[in-house]
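Some notes on the structure that comes next.
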Amino acid sequence: DGATLSDGQAIPARTVVWTAGVKPSPAVARLGLPLDPQGRIVVDAEMRVRAQGPGAAGQVWALGDCAAVPDRSRGGRPCPPTAQHALRQGKVLAHNIAAEIRGTPKKPFVFSTIGQLAAIGMRTGVANILGVKFSGFIAWWIWRTIYLSKLPRIEKKIRVAMDWTLDLLFSKDIVQ
């Protein structure tokens, strides 16, 4: 029926749209490097900053949501700032830095999105996997399963899985 702000003010509404922006740290703007309109560092396909500003001594590389890494599958537009891109960018960038040191050829970053998932609350999610869109409990369950698989250490996975299972079986303790 609406939204309640952190100060308790209620705003009645028939439709509520929630968005979460991903943007680089404000520290990126203070580096003196070339930035795109979204404030991300402009890099080439190898994730190297070509036009270096006064704050860049030597080789500068950037990846993830602070970098505008060109995506060939999107006509050169920057890759979306998602974890699936950043993880793969990290592997390519590690190769490229090692190649720079050895004097061997570097690789451009090339990756096509597998899909996108989001948990939107109340055991509901939305998904677009390999072009197939769906929503509801199954999308939420897939999101949680993938999230769980990415956690480090088996102890952490067990602890989170137990917490989620208890959450399914029992209501939240509002006293906390």
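Would you call I97 aliphatic (A, V, I, L, M) and either surrounded by 14 or more Cβ atoms within 10 Å (Cβ to Cβ) or in contact with a Ser or Thr (Cβ under 7 Å, 6 or more places away or on another chain) (or both)? Against the criterion (aliphatic (A, V, I, L, M) and either surrounded by 14 or more Cβ atoms within 10 Å (Cβ to Cβ) or in contact with a Ser or Thr (Cβ under 7 Å, 6 or more places away or on another chain) (or both)), I97 qualifies. On the given criteria, is V42 at pLDDT 90 or above and surrounded by 10 or more Cβ atoms within 10 Å (Cβ to Cβ)? When the stated conditions are applied, V42 passes them. Put simply, of R102, R88 the only residue that is surrounded by 13 or more Cβ atoms within 10 Å (Cβ to Cβ) and at pLDDT 90 or above is R88.
Quick check on segment 45-58: of everything there that is of a type in the set (A, V, I, L, M) and at pLDDT 85 or above, which residue is surrounded by the fewest Cβ atoms within 10 Å (Cβ to Cβ)? Steps first, answer last, please.
The initial filter retains those residues of segment 45-58 that are of a type in the set (A, V, I, L, M), namely 45, 47, 49, 51, 56-57.
With the extra rule that they be at pLDDT 85 or above, the set shrinks to 45, 47, 49.
On the way: A45: 17, M47: 25, V49: 19.
Taking the candidates together, the pick is A45.
The values are calculated or read from the model by the stated rules, or taken from the named source; none is laboratory data. In this text, all values refer to a predicted model and were calculated from it rather than measured experimentally. A quick note on method: Cβ atoms are made from the backbone with ideal geometry, for glycine too, and the neighbour counts reach across all protein chains shown.
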